[in-house]
Amino acid sequence: MSSDSTSESSTVATFDIRGFPAKCPCGTATTIFTSETVKNPGRPFYRCLTRRKHHLFKWVEEAVLEEVEDALPKIAQLEAEINKGKSDVEDLKGVITELMEEVVRTKTEVKRCQVMMKFAVVIICLITIVVLVNFM
Ligand SMILES: [Zn+2]
């Protein structure tokens with residue numbers, strides 16, 4: 001941060017640039033200076049590096065206020081998106097729980113079918129043996 005002792009009130013020109021002004025409309029970068037005037041001692045401000053009249057001049061606290069004002073709706077939108085995401089996660093947890101229960105039911109059904117298949121094979125074998133013994 002540099003200091004500047006010029007009379008800032010006669011050079012105020014924000015050009016409706018909201019927030020932190022990276023550049024002056026002339027294309028030159030801005031930097032932060034500190035006012036050393038009696039009216040605004042120690043008050044930081046952005047200014048075009050050319051330091052010419054009718055180039056960018058903006059109080060830092062005004063730029064900060066605009067940044068905050070512009071950020072608040074975005075924060076509210078992000079908060080809504082986060083809440084939607086949390087809701088979606090809860091919904092997906094419910095789906096996962098249902099799928100896990102279905103997997104358990106399916107495994108039980110498969111085991112039951114395997115037991116019945118083994119029993120059927122044993123029965124068929126016994127019938128085959130009985131039939132063969134009767135024909136011998
Ligand atoms: Zn400029």
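Values in this text are rule-based calculations from the coordinates and carry no lab data. Remember, it's a predicted structure, so these values are computed and weren't measured experimentally. Using ideal geometry, Cβ is built from the backbone for each residue, glycine included, and neighbour counts are taken over all protein chains shown.
Points worth noting:
- Fluctuation leader among Thr50, Thr31, Thr108 - the chain, Gaussian network, Cα springs under 10 angstrom: Thr108
- Legend: P(r) of the range 82-136 from all alpha carbon pair distances, 5 Å bins from 0, whole percents, reading 5, 16, 10, 11, 9, 8, 9, 6, 7, 5, 5, 4, 3, 2, 1, 1.
- Distant-in-sequence amide H partners of Lys23 (H built 1.01 Å from N, under 5 Å): Thr30
- Here the calculated FRET efficiency for Glu69 and Asp91, from their Cβ-Cβ distance with R0 = 30 Å, stands at 0.30, rounded to the nearest 0.05.
- Using the Cβ-Cβ distance between Phe15 and Leu78 with R0 = 25 Å, the FRET efficiency computed as 1/(1 + (r/R0)^6) comes to roughly 0.30.
- All Cα pairs of the chain, percent lying beyond 19 Å: 71 percent
- The range 34-136, relative contact order [Cα under 8 Å, separation at least 6], %: 10 percent
- Extended-chain gain in nm, criterion 0.36 nm per residue less alpha-carbon gap, Cys26 and Thr128: 26.6 nm
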